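Reading through the structure tokens given below for one structure.
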Amino acid sequence: MIAWPVMRRAVMRIGGALAADRVIGDPDDVFFLTRAEVLAGLESGGP
Amino acid sequence: MTALPPDVSWGSPARGAYTRTLRLGEWISGPVTPLFESWLLTAMEDRLHRQLDQWIGQRAPRPHHVIVNGWYFYSLNWLGPAAMVRSLPSILWHLVRAPRRVAGVIPPTVRHSYPLFEREWREELLPRYRAGVARAEGRVDTLPPSELPALIDEMAALAGEYFASIVALAGAAYKMEMNLARFYRRHLGGLLGGSHLPLVSGFEPPARPDAHAVVSLDWWQAAWPTSAAASNASEAARDHDRLVEARHSASCPFGRSRFVS
């Protein structure tokens, strides 16, 4: 699946943004959120 | 040890039949993260089933999967009697409107659908998928984080559409093998004994496959590199050599001179 690497980069950038906003402790923690929690975190700064 | 771990239940959280040995389940070799399950898996399954509905009129009830103790199980409930009855009018309508696509569902007629799906994959889907990924690669490092979910949604939908094509073609492969098995049993089994299986085994893997590659229609997958796997490597090589020899013998049961002048 050739889309995997680009999707992973996008997720890691989202993880970095959420960690910078102190929504999660570490960018890798993004994988333990759900899609709804990620969207809420990006929108409001908290999952 | 001062206490036993609690009992683990493997019961399904939803009614119906679920399996790990079909479609996406075959590719997922470990527990899944909440993000993977709730985003990529869900989006790919939605696109897969929308595509199957569009192609052949098959409608799948939700949920398309369940997660049990972190492991993914794919729903077989589209095969249930109630789901089949609900899909039947739509499938019959597609049978009239697009008979070559519906032919792919039935083993004796699958050879009529295979070229259609193969041509679409080669000429339309693969170039579109590659172009979409190339566009995304050009944007993924510069888009603001708030716009990245839309990019992921777009890629997940494309991946789901691509997976639907794999399902159609890989499904055709096993159905064509059923035809080979029937032919062998009817015309050769009485004379040669055995089965068709040596004819479809013992093929060489590619010289340098990626670690995650699935490289043949028979789902050859490289084992995860473990010390146990390494110690068994010579035994595996011998097993493979035996399969190759069996296939060569089955391909030419009376000796080459009988067929080659």
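No lab work stands behind these numbers, since they all come straight from the coordinates. Keep in mind that what you see is a predicted model, and the values were worked out from it rather than measured. Cβ placement follows ideal geometry from the backbone for every residue including glycine, while neighbour counts extend to all protein chains displayed.
Side notes on the structure shown:
- Taking region B:53-163 and dividing mean pair separation by its residue count, relative contact order in percent (alpha carbons under 8 Å, at least six apart): 18 percent
- Here region B:74-123 and region A:4-47 have alpha carbon centers that stand 39 Å from each other.
- Helix-derived mean residue ellipticity, 222 nm - over the protein assembly as shown, DSSP H n ≥ 4, -39500 (n - 2.57), to 500: -16000 deg cm²/dmol
- Taking amide H as placed 1.01 Å from N in the peptide plane, the amide H of B:H65 sits under 5 Å from that of B:S75, each at least 5 places away or on another chain.
- Amide H partners (placed H, <5 Å) of B:Y18, local residues excluded: B:L76
- Of B:I67, A:I24, the sequence from fewest to most neighbouring Cβ atoms within 10 angstrom is B:I67, A:I24.
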